[in-house]
Amino acid sequence: MSARRWLPEVPRGWPDLTRETTEPYFRRLDDALAGFPEPVFPDRGRIFRALELTPRDRVRVVILGQDPYHGAGQADGLAFSVPRGVPVPPSLRNVFLELRRDVGAEPPGHGDLSAWARRGVLLLNTVLTVPAGRAGGHSGWGWERFTDAVIRSLAAAAAPSVVLLWGRHARAKAPLLGGSGHIVIETAHPSPLSARRGFLGSSCFSRANRALADRGRDPLDWSLPPGTGKDARADLALAPPTSPT
């Protein structure tokens, strides 16, 4: 097998995941990405950004999505998030609708969720890369096994966290948390195709805060810092449907 390494190192805040990078499946994934002839999103340096911004010992809430956005300039390494100045995708607009209805937090005028990540929200997709223009194009490549390891790592953590499973792919991870003491809240995906079948009206944000408080942890501030005028214009521009994440 090739010794070439394309993927970056796993962030130090997740030391128990280092052994995953020595497994044959991970090396096959690394080799496949190294030789992939098409653009891959997010940029290589942002693939593990969710783990970098939210070390395991700081996780309070997990939001689990599907795979990164597959449009150029959209994926930033955090599930559902896009960089400032990029039009807010339809799924994220529905997240902001439910956030306002549930806890009164106003849409920030941009789609950058990094403030949540720094407060302890692990914004993780079940698959961490995607080919340009092809949603789900790297499903089955081995990422699911790696993100299973992330969830098992969280399940072993002493401090209880709340895990929000949005959509079918995320809900498939629920058995990994059985008996762990962590709180699992399952809803439909916020995609326009499914949001009205169990995401909108779910009150998942306030339910997460109540669960944290019940277990002696501080509730999360779900507000996001407002954007600039440019960001606000991006928020008003409805992005065309791409990936369901």
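The values are calculated or read from the model by the stated rules, or taken from the named source; none is laboratory data. Predicted, not measured: the structure shown is a model, and the values here were computed from it. Glycine gets a Cβ as well: all are built from the backbone with ideal geometry, and neighbour counts include every protein chain shown. Quick note on the areas: whole protein, heavy atoms, side chains included, nothing else; ligands and nucleic acids left out. Shrake-Rupley method; radii C 1.70, N 1.55, O 1.52, S 1.80 Å.
What number, rounded to the nearest 500 deg cm²/dmol, is the helix-based mean residue ellipticity at 222 nm of the chain, given -39500 (n - 2.57) per DSSP H run of at least four residues and division by all its residues?
Numbers: 8 runs with 71 residues, N = 245.
After summing the helix terms and dividing by residue count, I get -8000 deg cm²/dmol.
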Rolling a 1.4 angstrom probe over the protein heavy atoms, how many square angstrom per residue are accessible across the chain? 43 Å²
Sequence-distant or interchain residues sharing an amide H contact under 5 Å with Gly85, placed H: which? Gly111
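Hull surface divided by four, with the convex hull built on the Cα atoms of the stretch 1-138: how many nm²?
Working: hull surface 34.3 nm².
If I average the Cα hull's projected area over directions, I get 8.6 nm².
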Long-range tail of P(r) for the stretch 1-72 (Cα pairs > 13 Å, %): 72 percent
Jot down the radius of gyration and Dmax of the stretch 85-170, Cα atoms only, both in angstrom. 15.0, 40
Would any residue of the stretch 87-113 have its amide N under 15 Å from a label point 7 Å out along Cα→Cβ of Ala72? List them or say none. 87
From largest to smallest, what semi-axes in whole angstrom does the chain give when each is the square root of 5 times an eigenvalue of its alpha carbon gyration tensor? 27, 23, 16
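For the stretch 77-197, give the percent of accessible area contributed by carbon and sulfur heavy atoms, probe 1.4 Å, rounded to a whole number. Can you show the working numbers first?
Working: 2190 of 4300 Å².
Answer for the stretch 77-197: carbon and sulfur cover 51 percent of the accessible area.
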Based on alpha-carbon positions alone, could you give the equivalent ellipsoid semi-axes of the stretch 120-178 from the gyration tensor, as √(5λ), descending, whole Å? 23, 11, 11
Where does the Debye-calculated log10 I(q)/I(0) of the stretch 55-126 sit at q = 0.23 Å⁻¹, using only Cα point scatterers of equal weight, no solvent? -1.12
